[in-house]
Amino acid sequence: MNEKKEASFGKPKNNRYNNRKTFSAGKEKSNIDINYDSIGLDVEDKKQPSTPNNNSNNKNYKKNSKKHYNNSPKNNKNQNKNENNYKVEINNNHFKSKAKNALPVEDSLRIYPLGGQEEVGRNCTVFEYGEDIVILDMGLQFSDEDMPGIDYIIPNVSSLYGKEKNIRGVIFSHGHLDHIGAAPILLEQLGNPVIVGRKLTLAMIKHRQDDYKKGTAKRLKTIEVKNIEQTLKLGKMEISFFKVEHSIIDAFGVIVKTPHGTVIHPGDWTLDDGDGEPVTYEYLSNLPSPRILMLESLGVSYSKEKISQQTSQNNLEKVISEAKGRIIIGTFSSQLERITKILEFCEKSGKKVALDGYSMKTNTKIAQELGYIPDHKNTLIPIEKISDYPEQDIVVLCTGAQGEPNAVFSRVVNNNHRYIKIKKSDTVIFSSSVIPGNERSVQKVKDLVYRLSDNVIHSDIMDIHSGGHANAEDIKKVLKQIKPDYFLPVYANHYMLVEAKKLAIREGFDKDNIFVLDNGQVAKFKKNQKPKVLKDKVNTDYVMVDGLGVGDVSEIVLRDRIMMSGDGMIVVIATIDAKTGSLIGNPDIISRGFVHMKENRDLIEKTRSKVKSIVKDKNPMTPADDDYIKNKLRNEIGKFLFKATKRRPMVLPVVIKV
């Protein structure tokens, strides 16, 4: 892409979809529920499609956490044969598309984002050093309001086609969907390279993989980061890790060392000074120069004092202990530490907890299997059993506090839940921040809840939620602690990245050493040379996923959907004599989303008369040309309806020859 791609918010304009490429992952529907609440910004459930089968051979990599791993193309003789055999066999027929804007191999460090720079989500960053490629994260982005029917968007990896054998590994910083959601699709496209992550992150990827295609998770080639001090070699790049605070267990930051620069990337992060010893990063200032800090800047505009995890937890426990009736908590399923604390407190106080929502149950089960959350057999009960216990002993933890129509919390509020009907005595808690863009839907849910319950708690009246993203003060602290030579703000909308640049300049950072990249832009670092951003971009066209089939949604289809959602459609069915072209009977008119036919009979009859005059054959001795008739019906009826209604519905002519 030579032109800057907008962040795809707002109404479509002109050639808005020329930079979008659609991919549909699989012919079968799967039973996985996507929820916004599993991403860094956390929201709720949607369906995900199946992905192609993963045909790579399974390898088990059981390694000591202190061992130095080598995923170089050359075998390390000091390693066990089973430990260094990371070679991936590529089926060249699978990759039919040629690489678009692929970078030539050269002795430099090149960093380019395939997503996450002009949007929130789709996080994916590529590091190239010589022939070696390392990828950080493969996240998804949820579709906008102008993408009807699209489930989500994934990074475009076409620039890596033909270089699959050079991909030494894919590192996943944590388990939110905007960092792991595209993994099953993209790993398959890139020949199933080795993946690196902590225990919970890898478990969530495996679970998602099996939800896409049952039985394929065992084929993933994984390296588990068992210890934060662990290091490994991916090709010539030395990889190490550091502790970060975020709203999900097992998040870490990544360090990529090359002779041309040391990249420090915390992934999603925050600073929380309210619980135990705070995390600091002064020690990272001792890493070799030049230090390149890639810092998530999503909260740069948030200047209010943050709420610590401990404060929000204390307030939640106070509300739970003082409640006279049932307690219904809408929160994020990724907040496993908060869920753990609530379960512990409820067990001590003798309350019963029911979990509801696909992601809430799934994430809790995974955490229990890994030992992060105890079984709580005497505390956890099925949602259908809540009526068997006194109301004052019941706590319901569910997802969907962002107002998503089909989510559990919304179903409860709208009186559509099978087992829960909100009563005046219930205490309803919104234990979540409002995601930008969801303000209206959340407000609607709040209004409904206030009509149903006398006890509603949310962050505007009590500190019962703490977020997982850093604010402006945190960014200032980290810049001072790490003292980077170069600063690349990442993982946010463009204006946030620019604000992070301005903040760094105010803190004394040299503006010439700050690079605000667009998706696809390449920052090149070479030893003893000034870094530069290359003129040419790699391809980052939208790859949109629709779960109903492979390749069945194109740019044209998307524009048709938008047109139908705006002005509706009208179907004109005309039956004609195949020999003479004469109209047989009355034309049928069907309106969907355009006008209500019973209330607009006059318009429908006028449209029917117009169809008759158009189809009427002036030369009945010649055979009927149905293509000509369809085009004429489409054009003439379209003009007629616009003149009558000032609307442009999609006109679908159907000509039946008998």
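The values are calculated or read from the model by the stated rules, or taken from the named source; none is laboratory data. Keep in mind the model is a prediction, meaning the values are calculated, not measured. Neighbour counts are summed over all protein chains in view; Cβ atoms, including those assigned to glycine, are modelled from backbone coordinates with ideal geometry. For accessibility, only protein heavy atoms count, side chains too; no ligands or nucleic acids. Shrake-Rupley method; radii C 1.70, N 1.55, O 1.52, S 1.80 Å.
For this structure, a couple of remarks:
- Qualifying residue in segment 594-605 (condition: at pLDDT 90 or above and among the β-branched types (Val, Ile, Thr)): no
- In the set 361, 348, only one residue is among the basic types (Lys, Arg) and either at pLDDT below 90 or in contact with a Gly (Cβ under 8 Å, 6 or more places away or on another chain) (or both); that residue is 348.
- Check on residue 132, modelled with pLDDT of 50 or more, charged (D, E, K, R) and open to solvent by less than 30 Å² (accessible area, probe 1.4 Å): yes
- In segment 285-339, the qualifying residues are those that are without any contact (Cβ under 8 Å) to a residue 12 or more places away in the chain and part of a helix (DSSP H, G or I), and the one that is nearest to residue 254 (Cα to Cα) is 286.
- Scanning segment 145-185 for residues that are open to solvent by less than 10 Å² (accessible area, probe 1.4 Å), out of contact with any Ser or Thr (no Cβ under 7 Å at 6 or more places or on another chain), touching a residue at least 60 places away in the same chain (Cβ under 8 Å) and not in a loop (DSSP other than H, G, I, E, B) yields 154, 159, 160, 169, 171, 178.
- The set of residues in segment 245-284 that are farther than 17 Å from residue 200 by Cβ, touching a Phe, Trp or Tyr at 6+ places or on another chain (Cβ under 8 Å) and assigned to a loop (DSSP other than H, G, I, E, B) comprises 260, 266, 281.
- Counted residues, segment 265-284 - those being touching a residue at least 12 places away in the same chain (Cβ under 8 Å) and more than 26 Å from residue 499 (Cβ to Cβ): 1
- When segment 389-421 is limited to residues that are aliphatic (A, V, I, L, M) and farther than 15 Å from residue 354 by Cα, the one that is modelled with the lowest pLDDT turns out to be 401.
- Residue pairs meeting the criteria (Cβ under 7 Å; at least 6 apart or on separate chains; first aromatic (Phe, Trp, Tyr), in segment 248-264; second open to solvent by 10 Å² or more (accessible area, probe 1.4 Å) and part of a strand (DSSP E or B)): 252/241; 252/243
- Among the residues making up segment 345-359, those that are touching a residue at least 24 places away in the same chain (Cβ under 8 Å) and not aliphatic (A, V, I, L, M) are 345, 346, 347, 349, 350, 351, 352, 356, 357, 358, 359.
- Subset of segment 508-535 that is open to solvent by less than 40 Å² (accessible area, probe 1.4 Å) and small (Gly, Ala, Ser) - its residue that is farthest from residue 485 (Cα to Cα): 520
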